[in-house]
Amino acid sequence: MTDKRVALVTGASRGIGKAIAFRLAQEGIYVVLNCSAHAEAAEAAAEEIRQAGGEAEVVSFSVDDEAQVKAAVDGILTRLGRIDILVNNAGITRDGLLMMMKPADFEAVMKVNLFGTFYCTKAVIRQMVKRRTGRIVNISSISGIMGNAGQANYSASKAGIIGFTKAVAREMAGRNITVNAVAPGFIDTDMTKAMSADLREKAAAQIPVGHFGTPEDVARAVSFLVSEESGYITGQVLAVDGGMSM
Ligand code: NAP
């Protein structure tokens with residue numbers, strides 16, 4: 001059990017999720033870092049948080065498997081007594097032009113990005129409703145707002161997250177639970193490292209501020225949306241994109 005607020009951050013072994021976990025821990029929140037394939041990296045991230053004076057632990061499960069999600073969340077609730085904050089950050093890409101896109105690639109992306117968000121939210125929501133407090137932040141993408149060639153699966157999943165966010169925000173508005181989405185633009189992580197230098201240059205040219213963002217840029221926005229101060233903000237999509245989607 002802990003007296004601290006507890007946050008579950010999915011996909012926190014690296015990139016944006018790791019930065020969110022760090023930021024929340026710095027603010028005195030007990031952070032549960034979820035990961036799937038890279039448990040060692042997540043353990044290292046949790047250790048870095050502890051070295052910096054925060055409290056953190058790792059719980060591995062795949063967000064696209066409802067039974068795993070439920071068992072993991074029930075375990076956290078038994079041990080810590082609460083989950084105050086859920087950040088649905090885990091996400092994957094399987095890019096390709098529509099005419100070449102395999103159903104399996106469409107399905108995999110929908111399963112992790114959209115179904116994963118649904119499974120995790122459903123698993124934590126009952127105890128939030130009972131305790132009449134909660135903050136949920138879903139990591140969407142400007143691809144879900146603007147669309148992106150080569151990402152029909154990813155854009156669909158991220159647009160789905162926006163609709164999901166708004167519907168659940170309406171359902172939960174009377175229960176002191178806020179549900180918002182953050183839509184990052186191009187952020188420097190493993191996900192964007194795969195881009196060629198030429199593609200990166202073209203992408204940067206479309207960003208009004210002229211450069212990619214950092215995971216910490218996204219983490220600061222999430223930190224605000226999970227704070228007590230943001231209680232009157234729900235069902236919103238906050239773009240963290242250097243002005244790209246305006
Ligand atoms: P990343 O560096 O590729 O990291 C992805 C994270 O998701 C990893 O921690 C990974 O865990 C986890 N993950 C993947 N599949 C999972 C599963 N089935 N179950 C649990 N965890 C899983 O990605 P990122 O760039 O930080 O992106 C984080 C989020 O921001 C994603 O939702 C992404 O779509 C969104 N986003 C990113 C950008 C960008 O430019 N980077 C822009 C817009 C939106 P393992 O390490 O264990 O595999």
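The values are calculated or read from the model by the stated rules, or taken from the named source; none is laboratory data. Note that the structure is a prediction, hence the values are computed from the model and not measured. Neighbour counts run over all protein chains shown; Cβ positions are idealised from the backbone, glycine included. Heavy atoms of the whole protein, side chains included, go into the accessibility calculation; ligands, DNA and RNA do not. Shrake-Rupley method; radii C 1.70, N 1.55, O 1.52, S 1.80 Å.
Assuming R0 = 41 Å, can you tell me the calculated FRET efficiency for the pair A194 and R132, based on Cβ-Cβ distance, to the nearest 0.05? That pair, A194 with R132, gives E of 0.45. Neighbours of E47 by Cβ distance under 13 Å: Lys/Arg scored +1, Asp/Glu scored -1, total -3. Ranking of R200, R170, R14 by solvent-accessible surface, largest first: R170, R14, R200 (1.4 Å probe, protein heavy atoms only, all chains present). A Gaussian network model of the chain, with springs between Cα atoms under 10 Å, assigns the largest mean-square fluctuation among G11, G134, G81 to G81. Annotation: per residue accessible area for the chain equals 47 Å², rounded to a whole number [probe 1.4 Å, protein chains only].
Once the Cα-Cα distance is subtracted from the 0.36 nm per residue extended length, the A39 to A104 segment shows a gain of 20.9 nm. Measuring nothing but protein heavy atoms, the accessible surface of the chain at 1.4 Å probe radius is 55 percent carbon and sulfur. Once the Cα-Cα distance is subtracted from the 0.36 nm per residue extended length, the E171 to T78 segment shows a gain of 30.9 nm. Is the C-alpha gyration tensor of region 91-158 telling us rounded, prolate or oblate? Criteria: a/c under 1.5 is rounded; beyond that, a/b larger than b/c is prolate, otherwise oblate. Prolate is the answer for region 91-158, as a/c is 1.5 or above and a/b outweighs b/c. For the chain, averaging the sequence separation of C-alpha pairs within contact (under 8 Å, six or more residues apart) and dividing by the residue count gives a relative contact order of 19 percent. Take the Cα of S60, step 7 Å toward its Cβ, do the same at K202, and the gap between the two points is 3.8 nm. Could you give the distance between the Cα centres of region 149-180 and region 17-67, to the whole Å? If you average the Cα positions of each part, the centres end up 23 Å apart. Taking 0.36 nm per residue of sequence separation and subtracting the Cα-Cα distance, how much length would be gained by fully extending the chain between E229 and D3, in nm to one decimal? Roughly 79.4 nm would be gained on extension.
If you bin all the Cα-Cα distances of region 41-144 at 10 Å, starting from zero, the percentages per bin are 13, 37, 33, 13, 3, 0.
Could you name the lysines in cross-link range of K70, using Cα to Cα under 28 Å and dropping any fewer than eight places away on the same chain? Those lysines meeting the cut-off are K4, K18, K111, K122, K130, K158, K166. Diagonalising the gyration tensor over the Cα atoms of the chain and scaling each eigenvalue by 5 before taking the square root yields semi-axes of 27, 19, 18 Å, largest first.
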